[in-house]
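Please read the structure below before turning to the comments.
Read-outs: derived from the displayed coordinates by stated rules, not from any lab. Bear in mind that the values here come from a model prediction, so they are computed numbers and not experimental data. Here Cβ is always computed from backbone atoms with ideal geometry, including for glycine, and neighbour counts include all displayed protein chains.
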Amino acid sequence: MRIRIYPDNPSPKNIAQAVEVMESGGVIIYPTDTLYALGCDLYNHKALDRLCRLRGVKTEKALFSLLCPDLGCLADYTRPVSNTLFKLLRRNTPGPFTFVLSANSQTPKIWQSKRKTIGIRIPDNTVARALAETLGHPMVTASLRLDEEVDDTYLTDPELMEEMFGRQVDLIVDGGPGSLTPSTVVDCTSGEPEIVRQGAGSLV
């Protein structure tokens, strides 16, 4: 199933419909400010297992990120950050970045793993942030991927996504054409922020 949600003025009714799918254990495809992504409810372990199967990874080894509506999620999932780092985050969010931060003691329990870091995404996309805000806590997020031999337009055109992934996910949120450029990944765990993957974002 595919529903259209306009980024300029997301319909609360349609946002609620997508959130209901996640709350019931569903996996969705939704737009971000970079690639379209797979998403599910952070606290639904069956949905997380499904997401892992879609990406071909084991749950305990998954390196998915959390999509948050704003920086308010940091205290719940990461260790305290310095004032300097917080100012960097505030300047660059919402935006096309994944910030890798030190996870607090609660996060490994959620992921059922021993990981000590967590990726945080706060995209400059009103639909994505509205989904997380309405859900009431972060979504687990992972960029949509294809086998190398498949045309890239299946990553940018929601109608083609429905053709390709419609039977694998529960809902496709059509937010218009997507991008093929991923987020910039910034490792913030060792003092000085380090760009480990240059993508769509440039730090300011």
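Determine the relative contact order of the range 108-204: mean sequence separation of Cα pairs under 8 Å and six or more apart, normalised by residue count, in whole percent.
Dividing the mean separation by the residue count of the range 108-204 yields 15 percent.
Taking other residues whose beta carbon is less than 12 angstrom from the beta carbon of Leu180, and scoring Lys, Arg as +1 and Asp, Glu as -1, yields -2. What the pair-distance distribution of the chain shows, using all Cα-Cα distances binned every 10 Å from zero, is 9, 37, 38, 14, 1 percent. Scanning the chain for GluC sites (Glu not before Pro) in DSSP loops with at most 10 other Cβ atoms within 10 Å, what's the longest stretch left with none? Here the longest run is 1-147.
By the Cβ distance rule (another cysteine Cβ under 4.7 Å), the unpaired cysteines of the chain are Cys40, Cys52, Cys188. For the range 2-197, relative contact order (Cα pairs under 8 Å, six or more residues apart, normalised by length) works out to 34 percent.
Sorting Met139, Met1 from the fewest to the most surrounding beta carbons within 10 angstrom yields Met1, Met139.
Note on Lys46: aspartates and glutamates with a C-alpha under 18 Å away, same-chain residues under 8 apart excluded, are Glu20, Glu23, Glu60, Asp170.
Work out the FRET efficiency for Gln17 and Thr153 from their Cβ-Cβ distance, taking R0 = 30 Å, and round it to the nearest 0.05.
Efficiency, from the Cβ-Cβ distance: 0.70.
Non-local lysine pairs in the range 54-204, meaning eight or more places apart or on different chains, with alpha-carbon distances under 18 Å, amount to 6.
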